[in-house]
Amino acid sequence: MSKDINTKWAGNVHKYIENSELDQSLKLASEGALSFHWSDGKKSCDHMKGLFSGSDIRLERLEALIEELHAHAVWVKTPEKFYRVSMHEIFTAYLFNESSVIDLSDPEVEISTHCEKGPYFCVSLEGLPDVGKYRYFVYYQLLTEKLGARQFRLRLESPLLCFMQGDYTKAQFIFMKQITSHGILFHVPNNRTFTQLISKDYLHAYINTNFFKSALENNGESKCDNLYTNNPEDIFRIDWRMGITSETTKRWILGHMMGAGNRYIFVPFEFITRESEGDSIEESATEFLNEMGQKLDQVAS
């Protein structure tokens with residue numbers, strides 16, 4: 001049974017939504033791994049929309065940035081022709097996976113952000129000069145209701161000890177970044193680890209599921225700071241290659257920031273299985289997510 005929401009915690013959530021910069025997240029615990037972003041829940045997103053229906057300097061800055069994206073020219077080259085679009089149209093194609101002017105799934109499509117003469121390069125979100133503005137583009141779509149509210153999720157910054165495809169001779173670290181109702185978003189911190197990972201079909205990771213029970217009882221605070229453990233009873237097999245073939249995963253990877261040297265992989269719960277007896281990651285994480293979502297909905301509405 002989770003504890004009641006304390007007044008200070010509720011006040012922090014309200015203050016965060018009404019005063020923070022749009023890209024800032026709220027840490028749910030002073031020393032913990034969990035954080036919440038207003039765009040990650042329907043009630044908090046609706047609350048933010050209400051604030052933006054009036055006069056808000058954050059909205060003015062956001063609208064100015066959208067105008068910049070409309071004005072930023074991008075040249076597109078296909079085997080048949082050259083033509084000009086805007087960075088706004090490129091971001092739209094990425095976010096909604098559709099476009100009347102550019103097919104980003106076509107490997108022969110190249111773009112230039114300099115001029116019609118090039119240089120041209122294959123389309124990749126992380127390679128765009130305005131990639132840092134993409135998140136604000138997404139926020140604008142949410143706040144203007146061009147993009148539907150996302151299902152509730154929570155953000156983490158928790159290292160996990162892992163071994164590639166049963167090879168226990170060399171440990172690696174990956175990070176758990178988000179918990180959703182469908183699965184988990186993992187962060188691979190560097191290209192070397194990612195290259196090793198994609199050569200394997202699965203990996204084993206140690207995940208301390210007691211973290212969720214502890215955090216539930218304390219409004220996000222947990223006696224353990226993160227999900228790290230080296231307990232052999234907490235080994236999970238992550239069949240990441242099976243998970244990454246799904247359309248859901250492709251959209252998740254497409255919709256998240258991938259900075260230089262960083263890679264994100266979303267794996268549905270059905271491909272994360274415990275190797276010994278005990279609670280599954282899906283049971284532990286979804287119970288935690290549902291209760292925390294209810295708490296945050298109460299104070300964010």
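Nothing in this text is a laboratory measurement; each read-out follows from the coordinates by a stated rule. On a predicted model such as this, the values are computed, not experimentally measured, just so you know. Positions of Cβ are generated from backbone atoms using ideal geometry, with glycine treated the same way; all protein chains shown enter the neighbour counts.
Close amide H partners of ILE184, meaning residues 5 or more places away or on another chain with modelled amide H under 5 Å apart, are VAL267, PHE269. Each residue of the stretch 263-278 was assigned a 3J(HN,Hα) from its phi angle through the Karplus expression (A = 6.51, B = -1.76, C = 1.60, θ = phi - 60°), giving 9, 10, 10, 9, 10, x, 4, 4, 9, 10, 10, 7, 7, 10, 5, x Hz with x at Gly and Pro. The local environment of LEU142, defined by Cβ-Cβ distances under 11 Å, has a net charge of +2 under the rule Lys, Arg +1 and Asp, Glu -1. Around the amide H of LEU154, modelled in the peptide plane, lie the amide H atoms of ILE179, all under 5 Å away and 5 or more residues distant in sequence or on another chain. For the listed peptides 78-85, 42-49, 180-187, a ranking on the average number of other beta carbons within 10 Å per residue, highest first, reads 180-187, 42-49, 78-85.
Converting phi to 3J(HN,Hα) with the Karplus coefficients 6.51, -1.76 and 1.60 and the offset θ = phi - 60°, the stretch 35-45 yields 8, 10, 10, 4, 7, 9, x, 5, 5, 5, 5 Hz in sequence order, with x at every glycine or proline. Annotation note: GluC sites (Glu not before Pro) in the stretch 114-216 located in DSSP loop regions with a Cβ neighbour count of at most 14 within 10 Å are GLU116, GLU145.
Seen from GLU287, the other residues with C-beta closer than 14 Å to its C-beta sum to a net charge of -3, counting Lys and Arg as +1 and Asp and Glu as -1. Converting phi to 3J(HN,Hα) with the Karplus coefficients 6.51, -1.76 and 1.60 and the offset θ = phi - 60°, the stretch 135-147 yields 4, 5, 4, 5, 4, 4, 5, 5, 6, 9, 6, 7, 10 Hz in sequence order, with x at every glycine or proline.
Annotation: amide H-H contacts under 5 Å for ALA149 (H modelled 1.01 Å from N, sequence separation of 5 or more, or interchain): none.
Each other residue within a Cβ distance under 10 Å of THR273 adds +1 if Lys or Arg and -1 if Asp or Glu, for a net charge of -2.
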